[in-house]
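Q: Here's a structure for you.
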Amino acid sequence: MAASFDYAQAEEIRDAFGRRGVRYLFIGKSGAILLGFPDTTQDADVFVEESAENGRALVGALRELGFTLTVEQAADIERGKDFVQLKNGPFDLDLVFAPDGIETFADAWRRHVDVEGFPVCHLDDIIASKAASNRVRDRESLPRLLAFRDYWLRRQR
């Protein structure tokens, strides 16, 4: 079993992606955790801007982080395959190029929140994506995310 997502992994991602100029946002439960959501998750989830240039930069950053990418995985990343799950590195990482419930990366980027240098999807986008995916585990976490949203919005004022 993989270790739980933690702040150190987020820093590693932020730093490696930053050095390579990768355009991305933390999304999913890892994004919510960076916003202060009191929960755990087994992997980091990142919403990546889909472009050939960004895909090439991402492949370089992943290799720098210690991911062993197959030729097929690198090609999938460079072309922006909707979803790429990586379990062949220092931690588990899900790359999402087309998350459910979010129209475009540009839309999400306009709404994103910067948390200590971490670009994070707005909590409303995280919730919309979880609701649109309609997976059992996402439906189960929605009530807690919605309750946290009320608290988080009050804190933002």
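The values are calculated or read from the model by the stated rules, or taken from the named source; none is laboratory data. All figures in this text were calculated on a predicted structure; none of them were measured in a lab. Reconstructed Cβ throughout: ideal geometry from the backbone, glycine too, with neighbour counts over all protein chains shown. The accessibility values were calculated without ligands, DNA or RNA, using every heavy atom of the protein model including side chains. Shrake-Rupley method; radii C 1.70, N 1.55, O 1.52, S 1.80 Å.
Q: So which lysines can Lys29 reach, going by Cα to Cα under 17 Å and dropping same-chain residues fewer than 8 places off?
A: Here the lysines satisfying the reach criterion relative to Lys29 are Lys130.
Q: Considering all alpha-carbon pairs of the stretch 1-156, what whole percent are spaced by more than 19 angstrom? The partial results should precede the final answer.
A: Details: 6074 of 12090 pairs.
The calculated P(r) of the stretch 1-156 puts 50 percent of pairs beyond 19 Å.
Q: Grab the DSSP H runs of the chain that are 4 residues or longer, score each as -39,500 (n - 2.57), total them, divide by all residues and round the 222 nm result to the nearest 500 deg cm²/dmol. Before the final figure, lay out the partial values.
A: Working: 7 runs with 83 residues, N = 157.
Calculated mean residue ellipticity at 222 nm is -16500 deg cm²/dmol.
Q: Separate question: Most fluctuating residue of Arg20, Arg144, Arg79 in a GNM of the chain with Cα springs under 10 Å: which is it?
A: Answer for the Gaussian network model of the chain: Arg144.
Q: Let me ask something else about it. Write out the GluC sites (Glu not before Pro) in the stretch 27-133 meeting two conditions: DSSP loop, and at most 12 other Cβ atoms within 10 Å of their Cβ. Walk me through the intermediate numbers first.
A: On the way: sites: Glu49, Glu50, Glu53, Glu64, Glu72, Glu78, Glu103, Glu116; in loops: Glu49, Glu50, Glu103, Glu116.
Qualifying residues, ordered by number: Glu103, Glu116.
Q: Under 15 Å from a point 7 Å along the Cα-to-Cβ line of Ser51: which residues of the stretch 91-133 have their amide N that close?
A: Those under the cut-off are 105-110.
Q: Quick check for you: with a 1.4 Å probe and neighbouring chains kept, what is the accessible area per residue of the stretch 9-71, in Å²?
A: Values: 2520 Å² over 63 residues.
The answer is 40 Å² per residue.
Q: If a paramagnetic tag sat 7 Å from the Cα of Asp124 along the Cα-Cβ line, which residues of the stretch 132-151 would have the backbone N under 13 Å from that point?
A: Hits in the stretch 132-151 for Asp124 at 13 Å: 150.
Q: Report Rg (one decimal) and Dmax (nearest whole number) for the stretch 69-157, counting Cα atoms only, units Å.
A: 15.1, 47
Q: If I compute solvent accessible area with a 1.4 Å probe over the protein chains, what percent of it on the stretch 20-111 is carbon and sulfur?
A: Working: 1940 of 4120 Å².
In the stretch 20-111, the share of accessible area belonging to carbon and sulfur is 47 percent.
Q: Please build a GNM for the chain, connecting alpha carbons under 10 Å apart, and tell me which residue among Thr104, Thr70, Thr40 fluctuates the most.
A: It is Thr70.
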